[in-house]
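Heads up, the thing below is written out as structure tokens.
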Amino acid sequence: PDTVARLVAEFEEDASANYVYPLDNRDDIRAVTVPPHELAQSGTPRDFAPQVRWVPNTVVSPLIADRAYTLRARFDWQPGDEGVVLAIGDRFCGISLFVERGQLHFVYQWWYSPTELAPIDLQPGAQEFLLDYRALGERRGEADVSLNSRRCHAAVDLSPTMVRVPSGGLTVGLNRREAISPRYAGRGVFRYSGRIEGVRIEPGAQAPHTPMNLDEAAVQAAMRAAAHNA
């Protein structure tokens, strides 16, 4: 008994020191939901600095997973500046905001059917891009897009909503991992040549009857249906 107690105590000490706790003994729903101990902070706005090494998908997913959110990017543009302002996810599903030939491009990547908005002409100086995304339920979503408080696109269908950001995570100022859009895949990380102040994501309410709160069988069924209808 003394030996067992000692081993248990040693394990508890080592596990606590190496962040093993809290244990997550849920079933496969762990792949698309937020761990219970992170629920309280999952709705907290997050700021991301330019050209950080990499923000893991586990940090980004709760902010946009089948929920309303605003994504704001502040940067400076001068003639000749090009590159990726923001990259989330990968070619499977993701979001890319990049500058090319004096225009700002937004891509909502979903498998082989990306939604590419009409490019926005840039004028020299400070820029503030805003994506106001609304999750409508049944994996449907729409968004308004603004630049410098001028609405450029309204109620754009950006469906299906994302339930989990792939392993590409998030980068600001470059696309460090797999190029989200094939349009710049041949340009390496496509680092933005101008100055970026930062990116902010503010999560809102989850979609009605979101699969994020359903059992595993219902989650898989909803994801299959969304893939079939995409």
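Give me the net charge for the shell around Ala207: Cβ to Cβ below 13 angstrom, other residues only, Lys and Arg +1, Asp and Glu -1. Around Ala207, the charge tally is +1.
On the principal axes of its alpha-carbon atoms, segment 117-216 has extents of 46, 32, 23 Å, going from largest to smallest. With a cut-off of at most 12 other beta carbons within 10 Å, and DSSP calling the residue loop, which trypsin sites (Lys or Arg not before Pro) in segment 96-172 qualify? Please list them. For trypsin sites (Lys or Arg not before Pro) across segment 96-172 that sit outside H, G, I, E and B with at most 12 neighbouring Cβ atoms in 10 Å, the list reads Arg101. In terms of its alpha-carbon gyration tensor, segment 147-204 comes out oblate; a/c meets the 1.5 threshold, while b/c is at least as large as a/b. Among rounded, prolate and oblate, which fits segment 97-153 when a ≥ b ≥ c are the square roots of the eigenvalues of its C-alpha gyration tensor, a/c under 1.5 means rounded, and a/b larger than b/c means prolate? Since a/c reaches 1.5 but b/c is at least a/b, the shape of segment 97-153 is classed as oblate.
For segment 62-143, the normalised intensity computed at q = 0.12, 0.15, 0.17, 0.20 Å⁻¹ comes to -0.38, -0.58, -0.73, -0.97 (log10 of I(q)/I(0), Debye sum over alpha carbons, equal scatterers, no solvent).
In angstrom, the C-alpha Rg and Dmax of segment 125-173 are 13.1, 40.
None of the figures in this text is laboratory data; all of them are computed from the coordinates on show. Keep in mind that this is a model prediction, so the values were computed, not measured. We place every Cβ from the backbone using ideal geometry, glycine too, and count neighbours over all the protein chains shown.
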